[in-house]
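Asks: First, the structure itself, so that you have it in front of you.
The values are calculated or read from the model by the stated rules, or taken from the named source; none is laboratory data. The structure displayed is predicted, hence computed values, not measured ones. Cβ: placed from backbone, ideal geometry, glycine included. Neighbour counts: every protein chain shown. Note: accessible area is taken over every heavy atom of the protein model, side chains too, but ligands, DNA and RNA are not part of it. Shrake-Rupley method; radii C 1.70, N 1.55, O 1.52, S 1.80 Å.
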Amino acid sequence: ARRKAFTAISLFGISMTLAVLMAATAILDHLFQARAPETRLDRTLLVTRLGQYGDQHGMTSRPGYAFLDQFVRTLPGIESASIFSTLQAGAIYRDGARVDVMLRRTDGPYWQILDFDFLEGGPYSAADDEMGRLVAVINEDVRDRLFDNQPAVGRTFQLEGRSFRVVGVVRRAALTQAMAYSQIWMPIGSLKSSEYRERMLGDFTGAVLVKNRRDIPALQREFESRLPRVPLSNPKEFHMTRGGLDTPFESFVRMIAGNRQFDASTPGRFRIILAVIALLFMALPALNLITLNLSRILERGPEIGVRRAFGAPRSTLVRQFVFENVVMTVIGGVIAFGIAGFMLPILNRLVPLPDAQLTLNLRVFAWGMFMALLFGVLSGVYPAWRMSRLHPVNALRGGSQ
């Protein structure tokens, strides 16, 4: 309250910086935290990249059905394993109007690993997949567009020149949910050709649900031990196969770093890079706040001089001013939480992701408060230390040496 202008400027800088950091945290939370239908991410491992390499050449793609069927489904001690395709675009014609949809083909265990909320009916089974039955699960948006929001189970639609029968309707999943997102799901066995069953490389993804998180390292080692037995597509050019049974975060890092360059230390280095980026992002506003704090604290020279003259130790003064700064940043963090709550709906409109909504929750608030505390300490230690070194006589005179 002594210098309201300084306080207002400080709070503005703190609040805007933390609001942007909270928005970034909300995005990361949306990408990596478990939520329906991906409620078991902590026990889910993915095989998303497979490559075969030689000294001069290499080839990287998604794994094929044959590889996943022979080398992933048979992993010992797992709870379940699933194979599903990448997203594909499709079109359904209704009364002469084109309805564009996103398609995914899966096996039966897919519905055991993911926790979809069925509004009608239920999933198709492993037997439906094996028999190649023309059945489908659709989400609520497709139901609204195809059947005017009327019950859809038992009704049919035409796709790829064939008639599929709806067996279930689920709530929509967000595009950012890489395993779960689609608008229509059909059995892999409904493909017109069965050539996919023979391919080691293709356009499928494997998912493994482990019984206990403690089993993950052993399963990853077992997966690695199986890779040398994978048949090479061109033994003259390629001599090794590389891939990974990854956690969702490791799978994300593998996609960015590249399958061939990925090793056990890559996720740790990526975490360090993210932390450095966050610190650098905080550095400039922290330096500005340090300058403001230093000016504000040095104006309190007479108070500091009196306290030093009466025997106040430096550590007490440092703790006092760091605490004051932390209180300021925590207040800024609370304000930032409100600003972030205003920013996220705008981001949802400006950067539309199908069925994805960035929101604030207790995790984001907790991380925001942690960043506020860190920001307060980083921007308060140097001014407090500088102030504590003032000579009492100079402080009483209003000096800064």
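Asks: If a residue counts only when it is closer than 19 Å to Ala81 by Cα and open to solvent by 10 Å² or more (accessible area, probe 1.4 Å), which helices (runs of 4 or more DSSP H) contained entirely in the stretch 104-203 have at least 2 such residues?
Replies: 110-113, 126-131
Asks: Ok, one more. What's the number of the only condition in (1) modelled with pLDDT of 95 or more; (2) buried (at least 19 other Cβ atoms within 10 Å of the Cβ); (3) of a type in the set (A, V, I, L, M) that Leu209 fails to meet?
Replies: Result: Leu209 passes all but (2).
Asks: Tell me, which residue of the stretch 232-259 that is part of a loop (DSSP other than H, G, I, E, B) and open to solvent by less than 70 Å² (accessible area, probe 1.4 Å) is modelled with the lowest pLDDT?
Replies: The selected residue is Asn234.
Asks: Same structure, new question: With Thr25, Thr48 as the choices, which residue is open to solvent by 20 Å² or more (accessible area, probe 1.4 Å) and either of a type in the set (Ser, Thr, Tyr) or within 30 Å of Asp148 (Cα to Cα) (or both)?
Replies: Thr25
Asks: Quick check: anything in the stretch 84-92 open to solvent by 60 Å² or more (accessible area, probe 1.4 Å), polar (S, T, N, Q) and at positive phi?
Replies: No, the stretch 84-92 contains no residue that is open to solvent by 60 Å² or more (accessible area, probe 1.4 Å), polar (S, T, N, Q) and at positive phi.
Asks: Also: What's the number of the condition Ser265 fails, among (1) within 30 Å of Val20 (Cα to Cα); (2) among the hydroxyl-bearing types (Ser, Thr, Tyr); (3) in contact with a helix residue (DSSP H, G or I) (Cβ under 6 Å, 6 or more places away or on another chain)?
Replies: (3)
Asks: Moving to a separate point now. Phe67 passes all but one of (1) hydrophobic (A, V, I, L, M, F, W, C); (2) in contact with a strand residue (DSSP E or B) (Cβ under 7 Å, 6 or more places away or on another chain); (3) part of a helix (DSSP H, G or I); (4) open to solvent by 10 Å² or more (accessible area, probe 1.4 Å); which number fails?
Replies: Only one criterion in (1) hydrophobic (A, V, I, L, M, F, W, C); (2) in contact with a strand residue (DSSP E or B) (Cβ under 7 Å, 6 or more places away or on another chain); (3) part of a helix (DSSP H, G or I); (4) open to solvent by 10 Å² or more (accessible area, probe 1.4 Å) is unmet by Phe67, namely (4).
Asks: Here is a further query. Can you pull out the residues in the stretch 28-45 that are of a type outside the set (D, E, K, R), assigned to a helix (DSSP H, G or I) and either farther than 30 Å from Asn139 by Cβ or open to solvent by less than 60 Å² (accessible area, probe 1.4 Å) (or both)?
Replies: Passing the criteria: His30, Leu41.
Asks: Looking only at residues in the stretch 1-19 that are without any contact (Cβ under 8 Å) to a residue 60 or more places away in the chain and assigned to a helix (DSSP H, G or I), which one is surrounded by the most Cβ atoms within 10 Å (Cβ to Cβ)?
Replies: Phe12
Asks: Given the criteria assigned to a helix (DSSP H, G or I), open to solvent by 60 Å² or more (accessible area, probe 1.4 Å) and of a type in the set (D, E, K, R), does Arg221 qualify?
Replies: Spelling it out, Arg221 is indeed assigned to a helix (DSSP H, G or I), open to solvent by 60 Å² or more (accessible area, probe 1.4 Å) and of a type in the set (D, E, K, R).
Asks: Determine if the stretch 312-326 includes at least one residue that is aliphatic (A, V, I, L, M), assigned to a helix (DSSP H, G or I), open to solvent by 50 Å² or more (accessible area, probe 1.4 Å) and closer than 14 Å to Ile14 by Cα.
Replies: Within the stretch 312-326, none of the residues are aliphatic (A, V, I, L, M), assigned to a helix (DSSP H, G or I), open to solvent by 50 Å² or more (accessible area, probe 1.4 Å) and closer than 14 Å to Ile14 by Cα.
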